[in-house]
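Okay, structure first, notes after.
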Amino acid sequence: MSDLLVKLYDLPDMSELMAGLASDGVDIKRAIAPEKHIVSGWVAEKFSKGWASEAETAFSNHPVSCFVAAKEGRILGFACYDAACRGFFGPIGVDEDMRGTGVGKALTIRTLQAMAEAGYGYAIIGWAGPVNFFKKTVNAVVIEDSKPGIYRGMLRTLKESE
């Protein structure tokens, strides 16, 4: 997996997408401190402890740099920035049942908008898995020779190493 680069000054308009999700009862919002344990637990259960660690780090930023998608009090997805490294977007994850509904696209764009609002001109999507999703959604481009990037030498459990 390589890193990707996104121009934050050229993000797509998502007003129509957000209106559609809102009409379905989906709220995309910046998480708040009392939700940390809920979000972290959900991320660990659905994805990994490593991603949960990054989400927890996002809660220590001011403002919190974690966004969630929720419906009727149930988390549908999350996205963070400035978690693994300043200027980095991610991790992002969407509940399997909600993939393909626009939730991931909305979380991606809203979180990248927050990075632009914070003064960043570009974002790096670290160790991107769904490269084509990011290319299509925000015109991300692959950063050549970026594997493994900042993740070089990262500590792993024996199970993760297998």
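Just to verify a result, which residue in the range 49-65, among those that are surrounded by fewer than 18 Cβ atoms within 10 Å (Cβ to Cβ) and free of Cβ contacts under 8 Å to residues at least 24 places away in the same chain, is nearest to the chain's Cα centre (by Cα)?
Across the range 49-65, the extreme among qualifying residues is Ser53.
Select from the range 30-47 the residues that are free of Cβ contacts under 8 Å to residues at least 24 places away in the same chain and surrounded by 14 or more Cβ atoms within 10 Å (Cβ to Cβ) and list them in ascending order.
Across the range 30-47, the qualifying residues are Lys36, Ser40, Ala44.
Within the range 109-134, which residues are part of a helix (DSSP H, G or I) and in contact (Cβ under 8 Å) with a residue 40 or more places away in the chain?
Within the range 109-134, Ile109, Arg110, Thr111, Leu112, Gln113, Ala114, Met115, Ala116, Val131, Phe134 qualify.
For the range 144-154, does any single residue satisfy the condition of being surrounded by 20 or more Cβ atoms within 10 Å (Cβ to Cβ) and either touching a strand residue (DSSP E or B) at 6+ places or on another chain (Cβ under 8 Å) or under 20 Å from Pro12 (Cα atoms) (or both)?
For the range 144-154, residues surrounded by 20 or more Cβ atoms within 10 Å (Cβ to Cβ) and either touching a strand residue (DSSP E or B) at 6+ places or on another chain (Cβ under 8 Å) or under 20 Å from Pro12 (Cα atoms) (or both): absent.
Results for (1) touching a Lys or Arg at 6+ places or on another chain (Cβ under 6 Å); (2) at pLDDT below 95; (3) closer than 21 Å to Lys7 by Cα, shown as yes or no for each residue.
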{"position": "Asn61", "(1), (2), (3)": "no, no, no"}
{"position": "Ile75", "(1), (2), (3)": "no, no, no"}
{"position": "Ala106", "(1), (2), (3)": "no, no, yes"}
{"position": "Gly119", "(1), (2), (3)": "no, no, yes"}
{"position": "Gly126", "(1), (2), (3)": "no, yes, yes"}
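In the range 1-29, which residues are free of Cβ contacts under 8 Å to residues at least 12 places away in the same chain and not charged (D, E, K, R)?
Within the range 1-29, Ser15, Ala19, Ala22, Ser23 meet the criteria.
Pull up the range 121-140, narrow it to residues that are at negative phi and in contact with an Asp or Glu (Cβ under 9 Å, 6 or more places away or on another chain), then point me to the one that is surrounded by the most Cβ atoms within 10 Å (Cβ to Cβ).
Ranking the qualifying residues of the range 121-140, first place goes to Ile125.
Inspect the range 41-49 for any residue being farther than 20 Å from Val131 by Cα and among the polar types (S, T, N, Q) and give the result as yes or no.
No, there is no match, as no residue in the range 41-49 is farther than 20 Å from Val131 by Cα and among the polar types (S, T, N, Q).
Mind checking which residues of the range 40-52 are more than 20 Å from Lys29 (Cα to Cα) and among the hydroxyl-bearing types (Ser, Thr, Tyr)?
Once the filter is applied, which keeps residues that are more than 20 Å from Lys29 (Cα to Cα) and among the hydroxyl-bearing types (Ser, Thr, Tyr), the range 40-52 yields only Ser48.
If you check Thr137 against the conditions, is it among the polar types (S, T, N, Q), closer than 15 Å to Pro12 by Cα and over 12 Å from the mean Cα position of the chain (by Cα)?
Yes.
The values are calculated or read from the model by the stated rules, or taken from the named source; none is laboratory data. Just so it is clear, the structure is predicted and the values come from calculations on it, not from any experiment. Here the Cβ is made from the backbone with ideal geometry for all residues, glycine too, and neighbour counts use every protein chain on show.
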